[in-house]
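Right, one structure below, let's go through it.
The values are calculated or read from the model by the stated rules, or taken from the named source; none is laboratory data. All values reported here derive from a predicted model rather than from experimental measurement. So basically every Cβ, Gly included, is an ideal-geometry build from the backbone, and we count neighbours across all protein chains shown. Just so you know, the surface numbers come from the protein's heavy atoms only, side chains and all, with ligands and any DNA or RNA stripped out. Shrake-Rupley method; radii C 1.70, N 1.55, O 1.52, S 1.80 Å.
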Amino acid sequence: MSYDESPTDVPASFHNVVRPTGHTPSATDGDPFAVTRPDPTLYNDDLAPLPYEKRKWGAFEIFNVWSSDLHSLFGYTLAATLFTTSGLSGWWTFAGVILAGLIVMLLVNLTGKASVKYGIPYPVMARVSMGVRGAQFPALVRAVVAIFWYGVQTYFASTAITLLIIALTGYSEPEGGDFLGLSSVAWISYFIVVVFQLGLFLRGIDWVTRYLNWAAPAVYLVMVALVAVIWIHAGNRLLPELGNVIAGDGDDGGAPVSAFVSVVGTMVAYFAAVIINYGDFSRFVKTERQMKRGNLWGLPVSLAFFSFLTLVITAGTGVLYGKPLTDPTDILKQVDNTWLTVVAALTFFAATVGVNLVANFIPPAYDLSNTNPDIITARAGGVITATAAFVVGALWVPVISHLGIARFVETLSALLAPFYGILVIDYFLIRKRQLNVEHLFSAEPGTAYYYSKGWNLRALAAFGLAAIFSVSTVWAPELKGLTGYAWIFGAALGAALHYLLMRGGARAEPAAR
């Protein structure tokens with residue numbers, strides 16, 4: 001089947017659109033969602049609805065977004081760790097991973113729908129429920145999460161470059177590093193990654209698209225090659241070891257519910273940040289069908305294949321090295337094949353850069369632009385992101401990695417969760433999937449999303465109550481057992497409270513169907 005559809009029909013939503021009252025016909029009438037009277041403090045070209053003719057993505061590009069999000073050094077380590085430490089048999093762990101992929105697919109099909117229809121990114125979509133000014137709050141929280149992870153992933157991507165340099169030159173790193181825990185080669189590698197990522201982003205979305213279309217499939221080729229090398233070295237010992245991993249230790253009696261749900265929750269949480277701002281990517285496709293096909297192949301299908309390869313490699317390292325290795329860089333250090341090490345190091349570097357662009361760079365660029373659109377473009381937001389993240393990555397080894405940072409990240413993720421529920425329930429049940437695009441970029445009193453001086457106090461109340469609970473699952477000892485489900489509970493509670501508070505307080509907007 002072909003991933004990339006090229007439909008020639010324009011969606012029905014682009015015909016027979018009712019213009020806002022007082023609209024003066026102009027050249028922009030060819031685009032039903034063109035904004036004719038934007039407030040400069042809410043509008044720039046990066047936040048504006050993307051015209052249909054400029055949407056160049058198909059299902060293949062969406063597939064590569066998810067593949068890039070998964071194919072990082074951290075993504076591999078997470079999958080391998082679940083197979084070795086979950087306490088479940090390999091079959092049940094595998095089932096949990098696939099179920100998580102299906103859940104994430106359903107969640108992003110919801111958040112992506114409006115952005116396909118109207119061509120707007122996440123921070124603009126957030127204005128519908130939170131208000132044209134209130135949307136800055138969830139956008140900034142998302143930006144903080146992304147900037148932190150951008151710095152961390154930049155550091156991890158640099159370790160692949162360090163490995164590459166060592167493999168080619170035979171350089172031996174000194175113990176303890178030279179400065180801030182990093183050797184001179186590690187610093188050179190770090191700067192290479194920083195400059196490469198920023199340069200790629202500044203080239204524009206078309207360059208990013210080409211990069212993702214190359215990097216994501218390349219990882220599969222390298223992983224298959226790694227499987228082949230490990231299989232050759234392990235010989236007939238690999239299949240029995242793989243069978244042992246799949247069967248488990250026999251003590252779980254089937255599938256303990258808590259362990260299984262934990263696997264599912266962990267994988268959903270891994271994608272949680274992209275789930276909420278998925279509209280930043282779905283706005284580039286022409287049809288909802290393309291988006292859904294890309295999500296299907298990029299989430300449950302790709303996740304299943306990636307996890308299977310990870311399982312085989314993990315079992316093989318157990319045979320060859322006496323214990324399963326879950327870090328790809330540790331595996332490559334053990335493989336006695338210089339060229340495979342070079343190719344694999346380059347590929348894992350490319351994949352980690354891909355996930356950084358998808359999950360941690362493009363989102364805060366839009367989010368920061370949303371705070372002051374007439375001054376900060378998405379490009380400027382990207383530069384701000386890269387600058388702040390540079391400090392995070394540089395301090396990862398000596399400082400941040402020792403601060404119990406997991407709780408910090410879990411807290412911010414729990415804080416984001418109610419926004420997802422609010423955004424989805426507002427669009428589907430309160431607005432009935434009808435938005436007034438002109439009003440999304442207007443700060444005039446009386447417009448649909450002005451609410452109270454640009455803030456929807458009902459949505460803020462729903463968020464506050466839901467966030468108290470979801471964040472409490474991270475910090476309150478009494479709720480410790482719910483920590484892994486903070487995102488799911490926060491999203492569900494935020495949706496329920498927002499619907500109850502907003503019933504009768506909003507109606508579908510007929511001005512832009």
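Looking at ALA351, ALA359, ALA365, ALA344, just one residue is touching a Leu at 6+ places or on another chain (Cβ under 6 Å) and touching a residue at least 60 places away in the same chain (Cβ under 8 Å), and that residue is ALA344.
In summary, TYR366 fulfils each of the numbered conditions (1) among the aromatic types (Phe, Trp, Tyr); (2) within 21 Å of the chain's Cα centre (by Cα); (3) over 22 Å from TYR122 (Cβ atoms) with the single exception of condition (3). State whether one or more residues within the stretch 242-256 are surrounded by 16 or more Cβ atoms within 10 Å (Cβ to Cβ), of a type in the set (Gly, Ala, Ser) and at pLDDT 90 or above. No - not one qualifying residue is present in the stretch 242-256. Under the condition of being open to solvent by 10 Å² or more (accessible area, probe 1.4 Å), within 26 Å of MET105 (Cα to Cα) and of a type in the set (Ser, Thr, Tyr), the residues counted in the stretch 28-68 number 1.
If you go through the stretch 80-93 and keep only what is open to solvent by less than 40 Å² (accessible area, probe 1.4 Å) and either touching a Phe, Trp or Tyr at 6+ places or on another chain (Cβ under 9 Å) or not hydrophobic (A, V, I, L, M, F, W, C) (or both), you end up with PHE83, SER86, LEU88, SER89, GLY90, THR93. Just wondering, is there one or more residues in the stretch 411-428 that are among the β-branched types (Val, Ile, Thr), at pLDDT below 95 and within 30 Å of TRP149 (Cβ to Cβ)? Within the stretch 411-428, one or more residues are among the β-branched types (Val, Ile, Thr), at pLDDT below 95 and within 30 Å of TRP149 (Cβ to Cβ).
The condition of being among the charged types (D, E, K, R) and without any contact (Cβ under 8 Å) to a residue 24 or more places away in the chain holds for only one of ASP374, ASP426, ASP336, that being ASP336. Summed over the stretch 438-484, residues that are among the polar types (S, T, N, Q) and not in a loop (DSSP other than H, G, I, E, B) total 5. Here LEU440 fulfils each of the conditions (1) surrounded by fewer than 18 Cβ atoms within 10 Å (Cβ to Cβ); (2) touching a helix residue (DSSP H, G or I) at 6+ places or on another chain (Cβ under 6 Å); (3) closer than 20 Å to PHE33 by Cβ apart from (1).
Looking only at the stretch 466-488, residues that are over 24 Å from the mean Cα position of the chain (by Cα), over 13 Å from LEU415 (Cβ atoms) and open to solvent by 70 Å² or more (accessible area, probe 1.4 Å) come to 3 in all.
Inspect all residues belonging to the stretch 171-178 and state whether any of them is in contact (Cβ under 8 Å) with a residue 24 or more places away in the chain and either under 28 Å from VAL335 (Cα atoms) or open to solvent by 10 Å² or more (accessible area, probe 1.4 Å) (or both). Yes, there is a match, as at least one residue in the stretch 171-178 is in contact (Cβ under 8 Å) with a residue 24 or more places away in the chain and either under 28 Å from VAL335 (Cα atoms) or open to solvent by 10 Å² or more (accessible area, probe 1.4 Å) (or both). A single entry from PHE201, PHE191 fulfils the requirement of being within 27 Å of the chain's Cα centre (by Cα) and without any contact (Cβ under 8 Å) to a residue 24 or more places away in the chain: PHE191.
Can you name the helices (runs of 4 or more DSSP H) wholly within the stretch 294-400 that have at least 2 residues being open to solvent by less than 30 Å² (accessible area, probe 1.4 Å) and at pLDDT 90 or above? Even if it seems obvious, please write down each step before you answer.
Working: elements: 302-321, 328-334, 338-355, 362-371, 378-394.
Of the helices (runs of 4 or more DSSP H) lying wholly inside the stretch 294-400, those with at least 2 residues that are open to solvent by less than 30 Å² (accessible area, probe 1.4 Å) and at pLDDT 90 or above span 302-321, 362-371, 378-394.
Residues of the stretch 273-293 that are out of contact with any Gly (no Cβ under 8 Å at 6 or more places or on another chain), open to solvent by less than 10 Å² (accessible area, probe 1.4 Å) and not in a loop (DSSP other than H, G, I, E, B): VAL274, ILE275, ILE276, ASP280.
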